[in-house]
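All of the numbers you see were taken from the coordinates with simple rules; none came from a lab. Since the model is a prediction, treat every value here as computed from it, not as a measurement. Using ideal geometry, Cβ is built from the backbone for each residue, glycine included, and neighbour counts are taken over all protein chains shown.
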Amino acid sequence: MKKSAFLFILLSFFAAKAQDNEMDSFIDDLMSKMTLQEKIGQLNLLPGGDITTGAEMESPIFDLAAKGQLGAILNIKGQEKIRLLQETAVKKSRLGIPVLVGQDVIHGNVTVFPIPLAQACSWNLEAIENGARIAAREATAQGIAWTYSPMVDIALDPRWGRVAEGAGEDPYYTGLVGQAMIRGYQGNYGKENMMACVKHFALYGAAEAGRDYNTVDMSRLRMFNQYLPPYRAALEANPGSFMSSFNVVDGIPATLNGWLLNEVLRNKWKFDGFVVTDYASINEAVVHGVGDQKTCVVKAIKAGTDMDMCAFAYIAHLEKCAEEGSVSVKDIDTACRRVLEAKYKLGLFADPYRFCDAKRLKTDLYTTEHRAAARDMAAQSFVLLKNADNLLPLKKQGTIALIGPLADTRNNLPGCWSTGDEVSRYTTLKEAMINAVGKKARVLYAQGCNIYGDEKTQNGATFNRPIPRVDDKAALEEALKTAAQADVVVCALGEMAEMSGESSSRTDLSLPEVQMNLLKAIVATGKPVVLLNFSGRPTIMKWESENVPAILNVWWGGSELGDAVCDIVFGDKAPSGRLVTTMPRALGQVPLYYNHLRTGRPIPEGHTGGFMKYQSNYLDESNDPLYPFGYGLTYTTFKYSDALLNGNKVSLSVTNTGSREATEVVQLYINDPVASVARPVKELKAFRRIVLKPGETANVEFEITRSMLTYYNAEGDEVFEPGDFNIMVGCNSSDAALQTLKYTIQ
Ligand code: BGC
């Protein structure tokens, strides 16, 4: 290391130490003046009532703020209101401690980025970080200082609607996405940064049968190797807070689980921020059946839960518990200190109105720069699943029929969890397409059908963003007439926004019957068809994969989706998204994921189903996915060659063998064939995202590090077992796409 670099690190270390000391003495001084009640007040997070993300409740936020008993708030909207609340806390309460304002800023704000699952498909960590930075800039302009993001829960079961909010099924990659988002949100805690909250700790994504809030039961070995790594990796980016999850871990609700929060998160992993519960989860612990509210309060604070979100439980019981001795004042002090530290880091003591700058409301929301970034990210998130005869990109000529219930909806563009959207400002796909082709082509439109055929199914659920209902039969006829006039048909089908996200588990992940009927009828016309699949989760598309020439998965692409779809469909940009969740062939296969353990009776990839005596297979379906993890096509082809191992260096050549520039995601997987415990058939350990011009070759290099070869034992300690490893490189996780190199380390 150069002398100057060493000096810089040393100086930064001392500067950080000095800042910590300053913070410590400020908080020591403040806490010496606080009553027990005021300290407990800091642990109280209540809803503002302007947005609903859980059970609605009356909360006297202004009164409590004036009494110094409102530590934090969520679901309050409007900078003016936030300023008023802050003024109340600062001017009316005895010690003037500012309130921490939180909100679910999950994938953008007024400028809405694609849902996190879609963003993850970009494999572009810089762009993901930039998206989080933009979200923070917009949210902080509106008074928000703290976001409940990133969600780094591993999700293997697409029935679970919250698949939409995470980065898919891979622990390593999800950790990287989490880190990128934290860096983007928090920056260096400047005026345009907000605090991140890593959620939901832990195992929330493993809800049995994909039913939201359902129980979880898992071995420690699986936890440490498959589910916990992303939370741990997130810590490397220094998140200010963690959120505990609703579910039980080893039979104890996460919020009350001292092993999870104190032993693992704090003692083993050295997390030094604060832990907030999920929405009223102390009360849910009562429903889980582990005690009454007071007992759960005692267990929660002792377990290391610092802040109570919306259960009104800490404020109701902690003082009494301290008097009675079931909770020590030290426990309350520790939690209070952690919350005050967060406020200090955010600069709220220096300036409580830091995030209430009225000027920023005019300059920082939905700007041209933000929209361009969201459009670019959306285009990068789409995954081209099939493109027979290079149907895509389409030429801007002739007549294009745009058909489907999702082609002209503005309301549904943001997808699930968008608490800051302003939908009236967005462009629908139909509008974007008309605009994109200008005078060069004619765009005809027909809705074609409803999302569901049956009124009750569509409206029985509380969708806030319904799509206009039509008579399915008449709509189908109109669609066929429209298709008949066209040279090519683009179908916009799939889920509407609230069909994925929280509390949106589903048991059928195919296109609803009425949409299938429409699609089949259009395919039967013989016109070339492009299917745009809108979804917050993997869709079962076996028939589509066999019968529709081109399929582009566009997820929920955010406010700029319309333009982004046109960028790809008309070829101004080449697709570059790669799946981060396996796409099953049939629902009966789920959970289906690439990094599974071997069975003792494995069958080779490519076996198409059917009777195989005493083997681990289905009679009626293959074990293989329809589209594997890491998969995605583009408008060119790549050739992989010369994969070599030299010491611990892997090198290979990747050549663009087509006729246009495009992005490839080169992936490296490792398998440990013999270890003390059974290890997955392969695990992603590294990747490179490269852009190649036609004819260009890139030499891609990877270094095999020791940490790529380790796993965790049931105590969560890293284990390294020298020996033989299989190193696999290629363009997706299927065996057919990978070249294997043998690596031995002693
Ligand atoms: C969700 C969290 C969210 C919280 C606050 C809960 O229902 O599980 O992800 O951050 O509400 O809105």
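Straight-line cross-link partners of LYS430 among the aspartates and glutamates, defined as a Cα under 18 Å from its Cα and at least 8 positions apart when in the same chain: ASP408, GLU478, ASP487, GLU495, GLU560, ASP563, ASP567, ASP572.
Largest first and in whole Å, the equivalent-ellipsoid semi-axes of region 494-641 read 28, 19, 17, each the square root of five times a Cα gyration tensor eigenvalue. Amide H to amide H, with H built 1.01 Å from N, SER505 comes under 5 Å of GLY161, ASP212, counting only residues 5 or more places away or on other chains. The H on the amide N of ALA662, modeled in the peptide plane, is under 5 Å from the matching H of LEU692, each at least 5 residues off or on a different chain. With the highest mean first, a sort of the peptides 128-138, 226-236, 553-563 on other beta-carbon atoms found within 10 angstrom per residue produces 553-563, 128-138, 226-236. Each eigenvalue of the Cα gyration tensor of the chain, multiplied by 5 and square-rooted, gives one semi-axis; in descending order these are 43, 32, 25 Å. Per-residue 3J(HN,Hα) values for region 661-675, derived from phi via the Karplus relation 6.51 cos²θ - 1.76 cosθ + 1.60 with θ = phi - 60°, read 5, 7, 9, 10, 10, 8, 10, 10, 10, 10, 10, 9, x, 9, 9 Hz in sequence order (x marks Gly and Pro). What FRET efficiency, computed as 1/(1 + (r/R0)^6) with R0 = 45 Å and r the Cβ-Cβ distance, is obtained for GLN739 and ASP487, rounded to the nearest 0.05? Plugging the Cβ-Cβ distance into 1/(1 + (r/R0)^6) gives 0.65.
Rounded to whole numbers, the Karplus 3J(HN,Hα) couplings from phi for region 117-126 are 4, 5, 4, 4, 5, 6, 6, 10, 5, 5 Hz, using 6.51 cos²θ - 1.76 cosθ + 1.60 with θ = phi - 60°, and x at Gly and Pro.
Among the listed pairs LYS92/LYS199; LYS268/LYS299; LYS91/LYS345; LYS386/LYS649; LYS439/LYS573, which have their C-alpha atoms separated by more than 24 angstrom in this model? Pairs exceeding 24 Å: LYS92/LYS199; LYS386/LYS649.
In terms of the mean number of neighbouring beta-carbon atoms within 10 Å, the peptides 313-321, 290-298, 175-183 order highest first as 175-183, 313-321, 290-298. Put simply, the amide H of GLY494, placed in the peptide plane, has neighbours under 5 Å in PHE534, leaving out anything fewer than 5 places away on its chain. Using a cut-off of 30 Å between Cα atoms, the listed pairs LYS362/LYS395; LYS542/LYS693; LYS67/LYS302; LYS77/LYS270; LYS359/LYS440 include LYS362/LYS395; LYS542/LYS693; LYS77/LYS270; LYS359/LYS440 as exceeding that distance. Between the beta carbons of GLU701 and ASP508, assuming R0 = 45 Å, the FRET efficiency works out to 0.50 to the nearest 0.05. For region 683-744, which trypsin sites (Lys or Arg not before Pro) are in a loop by DSSP, counting at most 16 other Cβ atoms within 10 Å? Loop-located and lightly packed - none at all. Modelled label positions at ASN646 and GLN397, each set 7 Å beyond Cα in the direction of Cβ, lie 4.8 nm from each other. When you count the other C-beta atoms within 10 angstrom of each residue and take the mean per peptide, 5-18, 436-449, 397-410, 612-625 line up highest first as 397-410, 436-449, 612-625, 5-18. For a paramagnetic label modelled at 7 Å from the Cα of GLN37 toward its Cβ, which residues of region 69-100 fall within the zone defined by backbone nitrogen distances under 20 Å? Under cut-off, by backbone N: 69-72, 88-99. When only Cα pairs below 8 angstrom with a gap of at least 6 residues are kept, the chain shows a relative contact order of 13 percent. Placing R0 at 45 angstrom, the Cβ-Cβ distance between LEU619 and ARG469 gives a FRET efficiency of 0.65 after rounding to 0.05. Pairwise Cα distances in region 649-746 exceed 15 Å for 64 percent of all pairs.
Summarising the label geometry, the points placed 7 Å from Cα in the beta-carbon direction at LYS191 and TRP269 lie 3.4 nm from one another. Computed over region 560-626, the percent of Cα pairs more than 20 Å apart is 47. Restriction of the GluC sites (Glu not before Pro) in region 638-746 to DSSP coil positions whose beta-carbon has at most 11 other beta-carbons within 10 angstrom yields GLU715. Its Cα gyration tensor gives region 308-448 an equivalent ellipsoid, and the semi-axes of that ellipsoid, as √(5λ) in whole Å with the largest first, are 52, 20, 15.
Take the Cα of ARG601, step 7 Å toward its Cβ, do the same at ALA358, and the gap between the two points is 7.4 nm. Note that region 474-489 has calculated 3J(HN,Hα) couplings of 5, 5, 5, 4, 4, 4, 5, 5, 5, 4, 4, 8, 9, 8, 8, 10 Hz, one per residue in order, obtained from phi through the Karplus relation 6.51 cos²θ - 1.76 cosθ + 1.60 (θ = phi - 60°); glycine and proline are x.
Only Cα pairs under 8 Å and 6+ residues apart enter the sum, and on that basis the relative contact order of region 600-689 stands at 17 percent.
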